[in-house]
1. For region 179-269, would you read off the P(r) tail past 21 Å as a percentage of all alpha carbon pairs?
2. Taking 0.36 nm per residue of sequence separation and subtracting the Cα-Cα distance, how much length would be gained by fully extending the chain between Glu132 and Asp279, in nm to one decimal?
3. So for the pair Arg538, Val496, with labels modelled 7 Å out along Cα→Cβ, what separation do we get in nm?
4. Restricting to the chain, compute how many DSSP beta bridges are antiparallel as a %, nearest 5.
5. Where does each of Lys37, Lys406, Lys466 land when they are ranked from fewest to most other beta-carbon atoms within 10 angstrom?
6. Choose one of Tyr417, Ala534, Val142: the residue whose Cα lies farthest towards the positive end of the charge dipole of the chain (beta-carbon charges +1 Lys, Arg; -1 Asp, Glu; about the Cα centre).
7. Extending each Cα 7 Å along its Cβ direction at Ser3 and Ala239, get the distance between those two points in nm, one decimal.
8. State, as an integer percentage, the relative contact order of region 393-539 based on alpha-carbon contacts under 8 Å between residues 6 or more apart.
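All of the numbers you see were taken from the coordinates with simple rules; none came from a lab. If you're wondering where the values come from, they're calculated on a predicted model, not measured in any experiment. Here Cβ is always computed from backbone atoms with ideal geometry, including for glycine, and neighbour counts include all displayed protein chains.
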Amino acid sequence: MTSVTHTDVLIIGAGPAGLMAANALENQGVDWICLEKRSEPSTLSKALGIQARTLEMFELLNVHKPFLERGYPGPGTKLHLGDTTPSTEELYHIQSRYPYILIIPQSETEEILEEQLIQSGKSINREHNVIEVSQTSEGVHVKADNNGEIHEYSAKYLLACDGSHSKVRESLNVEFEGKDDGFTFFLGDVDVPEFNDIYINVFLNDRGAAAFFPYKDGSYRVVGLDRSKQGQPRQDDLALEDLQESLDTILPEPLQVENPKWLTYFGTAHRQVDTYRKDRIFFVGDAAHIHNPIGGQGMNLGLQDAVNLAWKIDAVLKGHATDSFLNSYHHERYPIGKDVLRETSAMLRIVLLDGTVGKIRNWAGKWALTQNWVQQRVANHMSHVYNDYDKTEQNRSLRDPSLPKKALQAGDRVPDYLLFFDGTTDERLYPFIRRHGHLCLIYIDDAQDEAVIDYAYDFATKVKEKYSGLITVYLVARGGTVSSDPDHELPIIYDVHHDLQKHVGMRNGHTLLIRPDGHVAFHETTTNSENTLAKMKRFFS
Ligand SMILES: Cc1cc2nc3c(=O)[nH]c(=O)nc-3n(C[C@H](O)[C@H](O)[C@H](O)COP(=O)(O)OP(=O)(O)OC[C@H]3O[C@@H](n4cnc5c(N)ncnc54)[C@H](O)[C@@H]3O)c2cc1C
């Protein structure tokens with residue numbers, strides 16, 4: 001009889017999404033196994049831009065430092081519309097600790113994420129080609145081919161991180177709705193000796209598009225679309241001469257490319273599954289959505305999907321949340337993916353405009369990029385720092401209409417504020433979240449306000465009873481005005497910069513629960529423990 005290996009969560013695929021999921025689950029202390037059919041990590045550079053929100057998530061998982069060491073902070077994009085002087089889109093507007101796009105090849109992203117797992121004493125089960133997936137109301141069951149030997153696994157949940165041709169999706173007969181775009185893009189990792197710029201340079205005109213991304217070692221990713229070569233039979237192999245020919249066609253001034261490390265043609269498609277959850281199975285990354293690479297968002301979406309889901313599974317496995325809590329993964333991540341699909345389709349249509357409408361695009365684009373407010377909106381939007389989950393039904397029901405519009409509420413991203421901790425040292429919010437996971441802050445204006453102090457102690461005691469080990473409660477004082485009650489252990493941090501007051505809208509007696517992914521769970525204004533606990537229960541169901 002074949003033995004079956006049991007775990008809590010099976011991850012299928014060790015691409016960026018699977019590796020991120022493994023790191024996020026490991027961070028929560030969840031038992032997981034990751035099955036990957038390849039024997040070695042991929043060496044392909046594919047996605048090379050890490051957006052600010054993803055860097056924030058790396059920080060929340062404490063994997064950010066090697067990325068910052070090995071990557072290159074791209075300051076923005078020079079857009080050469082038509083054959084005129086470029087307009088510059090600056091990224092320093094991004095409202096994040098990481099106001100840039102970090103340029104690092106996908107192979108290194110995968111390497112860093114896998115190294116982190118190895119440092120935690122874990123590893124990927126390589127050479128495990130998943131051939132069969134089934135599920136019951138009790139769990140999931142998987143068969144994998146390990147060099148001709150069939151291994152069986154069972155788990156409570158399964159994350160399908162197995163990419164655009166997902167075997168899991170196929171096994172469950174889940175449609176990947178959408179269509180191929182029908183265009184062929186060229187891609188080359190090459191040297192461009194006569195070119196030297198730290199900005200991404202994009203050339204867009206009636207002849208096509210070509211973008212140059214500078215790597216840290218001085219070489220470039222050149223990617224684009226040659227309009228004169230569309231409609232030909234699909235091929236993957238790109239010769240250096242073909243790349244040069246396309247660049248000579250598109251660029252206003254010739255640029256020699258040489259010393260290729262990777263050359264390929266690739267096609268694009270826009271597809272998305274209509275539900276990210278199928279009972280005990282979740283679709284993450286390219287298994288859930290694919291689109292063209294304009295804006296460098298695909299891999300980032302998958303990395304953020306993984307983080308959104310991991311802590312939720314942990315809360316369910318620990319018995320603090322009901323299984324239906326996991327539906328919020330679809331409700332929160334599906335619309336974000338759908339927006340990216342819509343926007344990248346629209347951007348492709350804009351790229352393809354030519355003749356008079358192309359000229360109008362060039363004129364309008366130049367005008368827009370000279371507007372500061374447009375630059376700010378575009379930079380923040382593309383970096384995903386504007387990706388809030390405030391529109392889901394559950395988060396809407398947790399929002400308090402009496403709070404001012406600017407106050408952060410259920411689903412909103414919390415930026416990384418600076419706090420004064422424990423009377424000894426400054427501390428930023430994100431390392432705090434990293435350390436505690438679910439962080440609950442109770443705001444106190446006035447040391448003499450006994451009602452709020454009583455509420456805080458009563459609430460913290462009840463949270464400790466009901467959510468033991470999951471949630472940490474802190475008192476947040478506006479200044480150094482509160483003396484802690486020696487009979488209770490309620491730690492204090494100080495909002496000395498008034499960031500929580502000014503930007504989060506916290507006032508005396510307010511309670512803010514922050515999720516491990518740096519979004520608000522809820523912002524409660526009453527000082528009634530039962531009310532706040534009821535809200536907490538609703539949040540976790
Ligand atoms: C040429 C090219 C250029 C790109 N450029 C960009 C870019 O500039 N910016 C951007 O954001 N994105 C870009 N992308 C897309 C980006 O590479 C993907 O979004 C990203 O790889 C998705 O990560 P993932 O983990 O979801 O899936 P994948 O990277 O596809 O990983 C899936 C993993 O699952 C494994 N697997 C599959 N089936 C099985 C099975 N049956 N059993 C076990 N394991 C299995 C695979 O071996 C693989 O390791 C590009 C892609 C290509 C091809």
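1. Tail fraction, whole percent: 25.
2. Gain in length upon complete extension: 51.3 nm.
3. 3.7
4. Looking only at bridges with both residues in the chain, the antiparallel portion is about 70 percent.
5. Lys406, Lys466, Lys37
6. About the Cα centre, the residue reaching furthest to the positive side is Ala534.
7. Taking the simple label geometry, Ser3 and Ala239 are separated by 5.6 nm.
8. Once divided by the residue count of region 393-539, the mean separation gives 34 percent.
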